[in-house]
């Protein structure tokens, strides 16, 4: 097993990088648009499934605030992680470690956006959604990034709560409270995060080892990681059917969730069975990509199911 490297030994490339330039694309990357898109989408679904009416204007403001808040957390994360980002192949070309954006600029942008997003949410939406947005940012930055990420292989399990709060914020923006439906959506994302992240870690473990990040495959080995993926997948499948049990979704979503679960089991089974290095890498990469599609389709099915129910009631 590859020995972990202390983060203090990692060279901060930003100190020797080229003079920063203002490029819109670099600042967009700083906000982690892929993560932001998932946060916004799941928050929107939570908002639309909530048992309350919300005006288009307030809904739009809420979604913008959630997107900006997610971007703020991403920018602060890139500021703090610039040392380990500089040695990981997956992240070494990000704007801060390459010096295209200074660490100070990244931190300043993150703080300004965080305050602005939470403030606007409190003023134009409601205090509960603003509080949840603030909690999400603080949790992602301090609990996950600063405390957990470099200390424990359970980093993404505990830290995953930050991303899982997105639909809860959307729900709270519409209703002003937190219902069982919001908790069900939270659990789906929370239990989905470990298989998704550990699949990535399986085929990127040398990256994490080089940077001194104690991801599960690095400190516990591939066999233990596969076992943990199976456990969380087994928990995720019944959780994905909770919206049907709670009456939040109907037959269309139930059927779709069952089909997606069967495909997920097949993908996880391939990871468990693979032993040759090339096959194991391919299986882990395939699972990682499928988990992204799975999350998108699960939440899309919730939206489609709501439309089906509305059309049925109208008929």
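The values are calculated or read from the model by the stated rules, or taken from the named source; none is laboratory data. Keep in mind that this is a model prediction, so the values were computed, not measured. Heads up, the Cβs are rebuilt from the backbone with ideal geometry, glycines too, and the neighbour counts pull from every protein chain shown.
General observations
- Every test in (1) without any contact (Cβ under 8 Å) to a residue 40 or more places away in the chain; (2) closer than 23 Å to residue 149 by Cβ; (3) crowded, with 16+ Cβ neighbours inside 10 Å is passed by residue 288 save one, and that test is (1).
- Counting only helices (runs of 4 or more DSSP H) that fall entirely inside the stretch 138-205 and contain at least 3 residues that are under 28 Å from residue 289 (Cβ atoms), within 12 Å of the chain's Cα centre (by Cα) and not assigned by TED's automatic domain parsing to the domain that holds residue 219, the qualifying elements are 155-159, 161-164.
- Any hit, the stretch 92-108, residues being without any contact (Cβ under 8 Å) to a residue 24 or more places away in the chain and within 21 Å of the chain's Cα centre (by Cα): yes
- As for the stretch 3-17, it holds no residue that is outside the structural domain of residue 225 (by TED's automatic domain parsing), at pLDDT 95 or above and either within 22 Å of residue 150 (Cβ to Cβ) or out of contact with any helix residue (DSSP H, G or I) (no Cβ under 8 Å at 6 or more places or on another chain) (or both).
- Being crowded, with 18+ Cβ neighbours inside 10 Å and either more than 15 Å from the chain's Cα centre (by Cα) or on the phi > 0 side of the Ramachandran plot (or both) is a property that holds for residue 211.
- Condition check for residue 201: without any contact (Cβ under 8 Å) to a residue 60 or more places away in the chain and surrounded by fewer than 19 Cβ atoms within 10 Å (Cβ to Cβ): no
- The combined condition, being in contact with a helix residue (DSSP H, G or I) (Cβ under 8 Å, 6 or more places away or on another chain) and surrounded by fewer than 16 Cβ atoms within 10 Å (Cβ to Cβ), is not fulfilled by residue 225.
- Any hit, the stretch 262-269, residues being under 23 Å from residue 158 (Cβ atoms) and in the same structural domain as residue 300 (by TED's automatic domain parsing): yes
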